[in-house]
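These notes concern the structure reproduced below.
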Amino acid sequence: MTPILTIENLQVEFSTPFGAVHAIRGIDFSLARGDILGLVGETGCGKSVTGRSIMRLLDENAKVSAGRILFDGMDLLQLTDTEMRRIRGNRIAMIFQDPATSLNPLFTIGEQIKDVLRAHRGSGRGGAKALAIELLADVGLPDPAQMMSVYPHQLSGGQQQRAMIALSLAAEPDVIIADEPTTALDVTIQAQILDLLRRLQRERSISVIFITHDLGIVAETCQQVVVLYAGRVAEKGAVETILARPQHPYTRGLLAALPRPGSRGNDLRVIRGNVPSGFERIVGCAFAPRCDYVMDICRAQNPAFSVIDSTHHSACHLHEMPANG
Amino acid sequence: MTAITFLLRRLSLSVFVFIGVLILTFFVSRVIPGNPAALYAGARPRPEQVEAIKVKLGLDKPLHEQFLVYVSDLLDGDLGESYHSRRSINTDLSIFLPATLELVIAAVFIALLVGIPIGVLAGAYPKSAFDYATRLVAIAGVSVPSFWLALIAQFIFFSSLGWLPLGGRISRDASLFYPIAAQTGFYLVDAAVSSNWDAFFDALHHLILPALVLSAYPLGVAIRMTQASMIEALAENYITSARAAGLSQRVILFKLALKNAIMPALTVVGLSFAYSITGAFLVETIFSWPGVGKYVTEAVLNVDFPVIIAVTLVVTVVYILVNLAVDLLQALLDPRVRLG
């Protein structure tokens with residue numbers, strides 16, 4: 001089956017007074033229909049920028065300098081603004097990190113949902129209202145009819161995120177991009193929101209790109225994972241194989257850095273060094289300066305993807321060495 | 001707290017503001033030099049005449065007694081009598097106040113109806129040609145003196161184009177053939193209520209030019225305030241999420257962002273409304289508009305204290321009411337604002 005969303009060689013630059021920042025240096029991945037794909041990496045690795053590039057909601061100083069974003073046979077980067085507006089919310093929706101500021105404080109939840117319905121469904125007054133109440137019930141908000149006339153500040157953080165999810169579902173999108181949807185929430189609420197997202201994704205067979213820095217969430221939630229490092233894909237594939245047998249030294253480092261119940265009292269493992277700055281021109285592998293297994297070729301040549309198995313790819317020169325296996 | 005209890009509380013607090021203004025203006029007017037009785041007596045009065053008038057007006061009594069008399073008259077709704085014209089101030093104000101209010105309300109409406117949409121678009125497309133053009137308009141509106149603008153407007157629309165009358169509230173023909181039955185003193189309202197459309201359009205015709213000139217300042221302010229707060233609102237996360245939801249630019253700008261951005265403009269224009277009641281005197285003079293500004297200017301030149309005090313009190317009340325209206329509006333727009 002063809003993937004619903006394919007990203008090919010996406011490159012994004014930000015122009016700043018100090019020069020161009022290379023936020024994304026060429027990434028490729030695709031989202032299969034009905035999958036949840038985790039996009040993981042450290043702060044600044046380009047995961048949120050990738051999400052916003054798909055929605056074409058980058059800041060004004062940002063520009064996609066190369067690549068294609070194929071959705072349902074169209075290259076989203078080639079669409080007119082009007083065509084793109086019909087995609088947003090309607091075919092591809094987005095959930096943001098901070099529900100408290102992502103909901104408009106001066107409009108009721110009901111009004112905000114009805115705005116989305118009016119924009120894409122053109123529902124009549126009564127129809128929109130009934131639909132909105134149904135949505136609020138579906139995301140597990142108590143007393144949905146009454147929720148219609150409630151303002152965002154009257155809700156808890158978890159309820160706000162549920163309302164935000166209802167909003168994103170309103171026009172029945174095919175794809176949802178969830179940009180750290182649980183980061184701003186308490187841990188117990190996080191679990192509830194994750195459960196809700198998984199249930200809705202299953203029931204409505206939505207494909208999801210789940211942007212997070214939390215490998216625990218990836219393990220619980222996603223089928224596929226793409227590990228980004230410095231604007232490039234380090235490793236990608238099925239979650240269970242990557243978490244069980246990480247091939248890329250960066251992924252291994254990330255997994256080793258997770259605190260484990262048994263390691264109490266020991267120092268946390270860290271990956272030495274820092275992420276390269278977006279201003280730098282990177283020659284060779286972006287991870288080379290921090291890699292324990294660095295070789296001469298790593299500093300000269302950017303590694304191509306090696307196929308570990310049909311669902312697992314890793315960009316590392318180590319895989320090309322016959323001795324490594 | 002409900003809107004009603006809020007209103008009652010605010011109004012009762014406003015009473016103290018009113019009393020403060022009353023005491024201040026009353027005593028200041030008695031302390032500063034000048035002889036009101038001589039003024040009242042007219043040209044070259046004899047000393048005994050002045051003494052007699054002093055007794056008649058109660059100016060011979062101690063200050064606190066004069067004050068009590070004034071307050072008790074005020075409580076009866078009597079603002080007193082002009083020393084200069086000897087006319088009842090109540091009667092004068094019933095003519096001049098509606099004239100000014102009609103003019104100022106029209107000006108404020110023009111400022112808001114034109115200024116806010118312009119400010120929205122200027123804020124939505126910063127650094128565009130439109131943005132720069134509106135900055136120019138806004139700065140000109142705020143900084144060009146109203147008397148100069150008034151003269152230029154008369155030159156263009158009366159002398160050159162002949163589209164609009166030079167001044168006055170209504171033409172002589174209209175007032176003779178289609179007299180307006182005075183009820184509120186607002187010509188447009190009175191004429192419309194009695195379906196006197198000839199007089200209505202004549203009065204409207206007279207209102208346009210002075211209202212436009214008077215709207216220049218609040219227009220400039222409305223544009224700048226709206227533009228600035230739109231830029232702020234459009235940078236908020238909820239606007240990004242609205243864009244991500246595929247809402248149209250029209251809904252995003254004029255509904256979602258504007259509701260968050262409109263309050264500063266309303267507040268400042270509201271204040272300029274109260275200011276214009278007396279501040280409009282240059283415009284009123286140039287357009288022969290029989291308003292409060294002209295009335296109080298003459299009173300100041302004639303040291304006509306009862307009129308000055310009366311107008312000060314009226315303007316105080318307008319300030320209080322406008323501020324109250326702005327606060328209520330804010331609570332109406334923003335559910336997070338607690339009335340209290």
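The values are calculated or read from the model by the stated rules, or taken from the named source; none is laboratory data. Since we're looking at a predicted model, the values are computed, not measured. Glycine also receives a Cβ, built like all others from the backbone with ideal geometry; neighbour counts cover every protein chain displayed. For accessibility, only protein heavy atoms count, side chains too; no ligands or nucleic acids. Shrake-Rupley method; radii C 1.70, N 1.55, O 1.52, S 1.80 Å.
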Here, helices (runs of 4 or more DSSP H) confined to region B:187-248 with at least 2 residues that are of a type in the set (Gly, Ala, Ser) and more than 13 Å from chain A (Cβ to nearest Cβ) are B:187-193, B:197-234
Residues within region A:67-80 that are surrounded by 14 or more Cβ atoms within 10 Å (Cβ to Cβ) and small (Gly, Ala, Ser), tallied: 1
Scan of region A:280-316 for residues that are part of a strand (DSSP E or B) and exposed (fewer than 14 other Cβ atoms within 10 Å of the Cβ), ordered by number: A:307, A:309
Hits in region B:146-175 - residues which are in contact (Cβ under 8 Å) with a residue 40 or more places away in the chain and either part of a helix (DSSP H, G or I) or more than 15 Å from residue B:211 (Cα to Cα) (or both): B:146, B:147, B:149, B:150, B:151, B:153, B:154, B:157, B:158
Residues of region B:226-251 being farther than 22 Å from residue A:95 by Cα and of a type in the set (A, V, I, L, M, F, W, C), which ones? B:228, B:230, B:231
Looking only at region A:81-106, and only at residues there that are more than 7 Å from every other protein chain (Cβ to nearest Cβ), in contact (Cβ under 8 Å) with a residue 12 or more places away in the chain and out of contact with any strand residue (DSSP E or B) (no Cβ under 8 Å at 6 or more places or on another chain), the one that is most open to solvent (accessible area, probe 1.4 Å): A:100
Which residue is nearest to residue A:51 (Cα to Cα), if the candidates are limited to region A:195-213 and must be surrounded by fewer than 19 Cβ atoms within 10 Å (Cβ to Cβ) and in contact with a Ser or Thr (Cβ under 8 Å, 6 or more places away or on another chain)? A:213
What pairs can you find where one residue is in region A:46-61 and under 13 Å from residue B:241 (Cα atoms) and at the interface with chain B (Cβ under 10 Å from one of its Cβ atoms), the other is buried (at least 17 other Cβ atoms within 10 Å of the Cβ) and among the hydroxyl-bearing types (Ser, Thr, Tyr), and their Cβ atoms are less than 8 Å apart, with a gap of 6+ or different chains? A:57/B:240
Would you mention how many residues in region B:48-62 are in contact with a helix residue (DSSP H, G or I) (Cβ under 6 Å, 6 or more places away or on another chain) and outside any loop (DSSP other than H, G, I, E, B)? 4
Among the residues of region A:112-124, is there at least one that is part of a helix (DSSP H, G or I), crowded, with 24+ Cβ neighbours inside 10 Å and away from chain B (no Cβ under 12 Å)? no
Of the conditions (1) more than 14 Å from chain A (Cβ to nearest Cβ); (2) β-branched (Val, Ile, Thr); (3) out of contact with any Pro (no Cβ under 9 Å at 6 or more places or on another chain), the single one that residue B:337 does not satisfy is (1)
Got a number for residues in region B:126-136 being of a type outside the set (D, E, K, R) and under 10 Å from residue B:227 (Cβ atoms)? 2
Restricting attention to region A:149-171, the residues that are over 20 Å from residue B:252 (Cα atoms), open to solvent by less than 40 Å² (accessible area, probe 1.4 Å) and in a loop (DSSP other than H, G, I, E, B) number exactly 2
Out of everything in region A:259-279 that is without any contact (Cβ under 8 Å) to a residue 40 or more places away in the chain and β-branched (Val, Ile, Thr), what residue ends up being least open to solvent (accessible area, probe 1.4 Å)? A:271
Output yes when any residue across region B:73-95 is among the polar types (S, T, N, Q), over 24 Å from residue B:276 (Cβ atoms) and in a helix (DSSP H, G or I), and no when none is. no
The one condition in (1) touching a His at 6+ places or on another chain (Cβ under 9 Å); (2) open to solvent by 10 Å² or more (accessible area, probe 1.4 Å) that residue A:227 fails to fulfil: (2)
Show me the helices (runs of 4 or more DSSP H) found entirely inside region B:254-313 where at least 1 residues are within 14 Å of chain A (Cβ to nearest Cβ), of a type outside the set (Lys, Arg) and open to solvent by 10 Å² or more (accessible area, probe 1.4 Å). B:258-261, B:263-279
Hey, residue A:168 hits all of (1) of a type in the set (Ser, Thr, Tyr); (2) over 21 Å from the mean Cα position of the chain (by Cα); (3) within 10 Å of another protein chain (Cβ to nearest Cβ) but one; which does it fall short on? (2)
Could you check region A:231-247 and list, in sequence order, the residues that are open to solvent by 10 Å² or more (accessible area, probe 1.4 Å) and either in a loop (DSSP other than H, G, I, E, B) or on the phi > 0 side of the Ramachandran plot (or both)? A:245, A:246, A:247
Only one of these is of a type outside the set (Lys, Arg) and closer than 30 Å to residue B:269 by Cα: B:21, B:55, B:31, B:69. Name it. B:21
All conditions in (1) touching a residue at least 40 places away in the same chain (Cβ under 8 Å); (2) open to solvent by 50 Å² or more (accessible area, probe 1.4 Å) are true of residue A:30 except (1)
What are the residues in region B:195-213 that are under 28 Å from residue B:265 (Cβ atoms) and either open to solvent by 20 Å² or more (accessible area, probe 1.4 Å) or of a type in the set (S, T, N, Q) (or both), if any? B:204, B:208, B:212
Does region B:325-332 contain at least one residue that is surrounded by fewer than 22 Cβ atoms within 10 Å (Cβ to Cβ), free of Cβ contacts under 8 Å to residues at least 40 places away in the same chain and within 14 Å of chain A (Cβ to nearest Cβ)? yes
Is it fair to say residue B:217 is touching an Asp or Glu at 6+ places or on another chain (Cβ under 6 Å) and open to solvent by 50 Å² or more (accessible area, probe 1.4 Å)? no
Run residue B:86 past the list (1) open to solvent by less than 80 Å² (accessible area, probe 1.4 Å); (2) under 19 Å from residue B:308 (Cβ atoms) and report the number of the one that doesn't hold. (1)
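Every residue, every condition in (1) modelled with pLDDT under 85; (2) under 26 Å from residue B:323 (Cβ atoms); (3) surrounded by 14 or more Cβ atoms within 10 Å (Cβ to Cβ); (4) touching a Pro at 6+ places or on another chain (Cβ under 7 Å), yes or no:
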residue: B:6; (1), (2), (3), (4): yes, yes, yes, no
residue: B:16; (1), (2), (3), (4): no, yes, no, no
residue: B:21; (1), (2), (3), (4): no, yes, yes, no
residue: B:29; (1), (2), (3), (4): yes, yes, yes, no
residue: B:39; (1), (2), (3), (4): yes, no, yes, no
residue: B:50; (1), (2), (3), (4): yes, no, yes, no
residue: B:67; (1), (2), (3), (4): no, no, yes, no
residue: B:70; (1), (2), (3), (4): no, yes, yes, no
